[in-house]
Amino acid sequence: MKWVALAIVGLFTLFMIYIEFGMPPYGEIDSPASTHVSPYYIENAEGETDTPNIVTAVLADYRGYDTLGETTVIFTAGVVCMILLSKTIKDD
Amino acid sequence: MIKRYLDIIAELASIIMVPFIFLFALYVLFFGHHSPGGGFQAGAIMAAAVILLRMTLGREVTRKKFPPRAALILGAIGVIIYTGTGLVCLFAGSNFLDYAALPLPWVPEAGRRYLGILFVEIGVFLGVFGVMVSIFDSISREPLE
């Protein structure tokens, strides 16, 4: 069973490495990341949200759902930590 | 389990530094629109200050001022502020988390989105701060407390 899991993980790793060769080169102007939304954010973020820091504007406004999910994940982690660790151990 | 780091130098140094760390956390939170920073970072800095006090002054003293349960409640309030901002936009007739619909008619649209980002960052700040302090309290408490 352990070897099956190891084989699956190894195959998946090879698959991800193979996919990596299909990525556009770093910083390429024609890649989808730099032609689709990035120019819009750079041109309009300050005018639309009054926020000079584009990172904050994207994080909290354009991608607000993401940040809501992140906050919920952090809160869930805290609740789970409290539940798991506050279990009192009684002497037998 | 760490009870307290008994050292007068560490104690005094942390007492002197903690107010400035609090101020710096608030600066990072409210200046996140103009410089690197924001809710996550500010919450981590604020939680670091509280954890520093917990380690130097001891839990008995600091838990009276800021009980562990209050930390988790603060975290919940943070998530509620975030979701509430989104719901206010929803009930104002727009999409969830579309801050341009916040019911503040005397503010221009860009200003409303600015304020929406600020409310959301405050929610994130409270959430991260409360949860980090709560996790520290969970892993540092007595087994039979």
Other chains' Cβ within 10 Å of B:112-124 residues: what's the mean?
5
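Give a quick list of chymotrypsin sites (Phe, Trp or Tyr not before Pro) in chain A that DSSP marks as loop, anything other than H, G, I, E or B, with at most 10 other Cβ atoms within 10 Å.
Of the chymotrypsin sites (Phe, Trp or Tyr not before Pro), the ones in loops of chain A whose Cβ has at most 10 other Cβ atoms within 10 Å are A:PHE21, A:TYR26.
Within chain A, which trypsin sites (Lys or Arg not before Pro) sit in a loop by DSSP and count at most 16 neighbouring Cβ atoms inside 10 Å?
When the trypsin sites (Lys or Arg not before Pro) of chain A are filtered for loop state and at most 16 Cβ neighbours within 10 Å, A:ARG63, A:LYS87, A:LYS90 remain.
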How big is the Cα convex hull of segment B:23-110 in projection, averaged over all directions, in nm²?
7.5 nm²
Along each of the three principal axes of the Cα atoms of segment B:73-145, give the extent in whole Å, ordering the values from largest to smallest.
54, 19, 14
Using only the alpha carbons of segment B:19-72, what is the convex hull's orientation-averaged projected area in square nanometres?
3.9 nm²
Could you state the angle between the C-alpha long axis of helix B:68-91 and the longest principal axis of the C-alpha atoms of chain B, as a value from 0 to 90 degrees rounded to the nearest 10?
10 degrees
³J(HN,Hα) across segment A:12-17 via Karplus (A = 6.51, B = -1.76, C = 1.60, θ = phi - 60°), whole Hz, x for Gly/Pro?
5, 4, 4, 4, 5, 5
Calculate the dipole size of chain A relative to its Cα centre from +1 charges on Lys and Arg beta carbons and -1 charges on Asp and Glu beta carbons; express the result in debye to the nearest 20.
680 debye
Roughly how many nanometres apart are two label points built 7 Å out from the Cα toward the Cβ at B:ARG63 and A:ILE42?
5.4 nm
How high is the FRET efficiency between B:ASN95 and A:THR72 when r is their beta carbon distance and R₀ equals 22 Å, given to the nearest 0.05?
0.75
Length added when fully stretched, A:ALA33-A:ILE54, from 0.36 nm per residue minus Cα-Cα:
6.0 nm
At 7 Å along the Cα-to-beta-carbon direction for both B:PHE24 and A:PHE12, put a label point, then send me their distance in nm to one decimal.
4.0 nm
Just tell me the longest site-free run in chain B, where the sites are trypsin sites (Lys or Arg not before Pro) in a DSSP loop having at most 16 other beta-carbon atoms within 10 Å.
B:5-140
Measuring with a 1.4 Å probe in the full set of protein chains, what accessible area per residue, in whole Å², belongs to chain A?
79 Å²
Pull out a ≥ b ≥ c, the square roots of the eigenvalues of the alpha-carbon gyration tensor of the protein assembly as shown, then state rounded if a/c is under 1.5, prolate if not and a/b is larger than b/c, and oblate in the remaining case.
oblate
Estimated distance in nm for a label pair at A:LEU85 and B:ARG141, the labels positioned 7 Å out from Cα along Cα-to-Cβ
1.0 nm
Just by accessible area at a 1.4 angstrom probe, what is the order of A:SER38, B:SER134 from largest to smallest?
A:SER38, B:SER134
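Which whole-number percent of Cα pairs in chain A have a distance greater than 21 Å?
67 percent
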Please report the carbon-and-sulfur percent of the accessible area for chain B; probe 1.4 Å, protein heavy atoms only, DNA, RNA and ligands left out.
76 percent
With the 8 Å Cα cutoff and a minimum separation of six or more residues, segment B:1-142 has a relative contact order in percent of 31 percent
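The values are calculated or read from the model by the stated rules, or taken from the named source; none is laboratory data. What you see is a predicted model, and the numbers here were worked out from it, not measured in a lab. So basically every Cβ, Gly included, is an ideal-geometry build from the backbone, and we count neighbours across all protein chains shown. All accessible areas refer to the heavy atoms of the entire protein, side chains included, with ligands and DNA or RNA removed. Shrake-Rupley method; radii C 1.70, N 1.55, O 1.52, S 1.80 Å.
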